[in-house]
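Below you'll find the structure, written out as structure tokens, and then a few comments.
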Amino acid sequence: MEKIILFGCGEHARMVIDNIEDQGKYAVAGLLTNDPAELGKEIYGYKVIGLDGDILEILKSDPSITGYFLGVGNMKVRAKLAAWLDSACGVPAVNIIHPLALVSKHAIIGRGNIFEAYTKVANGAVVGNHCILNSFSAINHDQRIGDNVLIAGNVSMAGRSVGDNTIIADGASIGFKVRVGKNCIIGDGAVVTKDTSDNIIAYGNPAREVRKNDW
Ligand SMILES: CC(C)(COP(=O)(O)OP(=O)(O)OC[C@H]1O[C@@H](n2cnc3c(N)ncnc32)[C@H](O)[C@@H]1OP(=O)(O)O)[C@@H](O)C(=O)NCCC(=O)NCCS
């Protein structure tokens, strides 16, 4: 199996580990953290071996590590880490695709994405890098999903596009051909019937902008 480093050791990292184990393609060489108090801990049997900033040293000392994955849930931290790692660390972010996820051969997907069990990415979809697709959500055909987008569970996606760094929370419904902006949070159960602007928080049925999202 190819060896990778996982950033993070919290709730999100545990979900990622579970999917990595089911995929059976990557071995986790260790976890990194931004919190010195986490050093030496074990998460599902994998050791927290260093701080985020140790990555270059770790890669130098073990050339058999060929990839990394972001197991951090915070969207701003994810965006920052991704920008740094993709330009500086020299190994790619890998895709974690659960064996029970369906990805069309006519879809284009980037790097560092996780697609959980019972997800679908349909034909003509284009998914960027570092996206999360939780169980029972599908990206329907011909949609364009940016980078660092979180599509939570049970989301109905009939829209046209979702911008970078946007969260679409559990059970939301994105209406036919709707465009969701970048840096947004679409709340649980929201029914989005019209295009949204960038940097907003919206929820309700029909979804309304509640306030700006300070990105
Ligand atoms: C959308 C979000 C920003 C709203 O946070 P908030 O503005 O702090 O909301 P609050 O919890 O303070 O609630 C404020 C009010 O809005 C209501 N509200 C919050 N979310 C709502 C929603 N999705 N739909 C309808 N009403 C909602 C609350 O019931 C509350 O109503 P009240 O004033 O009558 O009591 C927050 O819920 C969020 O970040 N959601 C995304 C979660 C996520 O990341 N999911 C992915 C997990 S994998």
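The values are calculated or read from the model by the stated rules, or taken from the named source; none is laboratory data. Everything quoted here is computed from the prediction, not taken from an experiment. Positions of Cβ are generated from backbone atoms using ideal geometry, with glycine treated the same way; all protein chains shown enter the neighbour counts.
Scan the stretch 180-215 residue by residue and report those that are assigned to a loop (DSSP other than H, G, I, E, B) and among the basic types (K, R).
To start, the set of residues in the stretch 180-215 that are assigned to a loop (DSSP other than H, G, I, E, B) comprises 181-184, 187-190, 193-199, 204-207, 213-215.
The answer is K182, K194.
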| query | Restricting attention to the stretch 23-53, and to residues there that are surrounded by 16 or more Cβ atoms within 10 Å (Cβ to Cβ) and of a type outside the set (A, V, I, L, M, F, W, C), which single residue is nearest to A117 (Cα to Cα)? | reply | Q23
| task | Check D198 against each of (1) within 24 Å of R78 (Cα to Cα); (2) in contact with a strand residue (DSSP E or B) (Cβ under 9 Å, 6 or more places away or on another chain); (3) more than 9 Å from the ligand (Cβ to nearest atom); (4) not aliphatic (A, V, I, L, M) and name the one condition it does not meet. | result | (2)
| query | F176 fails exactly one of the following numbered conditions: (1) within 13 Å of the ligand (Cβ to nearest atom); (2) in the same structural domain as S104 (by TED's automatic domain parsing). What is the number of that condition? | reply | (1)
| field | Unmet requirement for G171, which otherwise passes all of (1) among the small types (G, A, S); (2) more than 8 Å from the ligand (Cβ to nearest atom); (3) more than 24 Å from N113 (Cα to Cα) | value | (3)
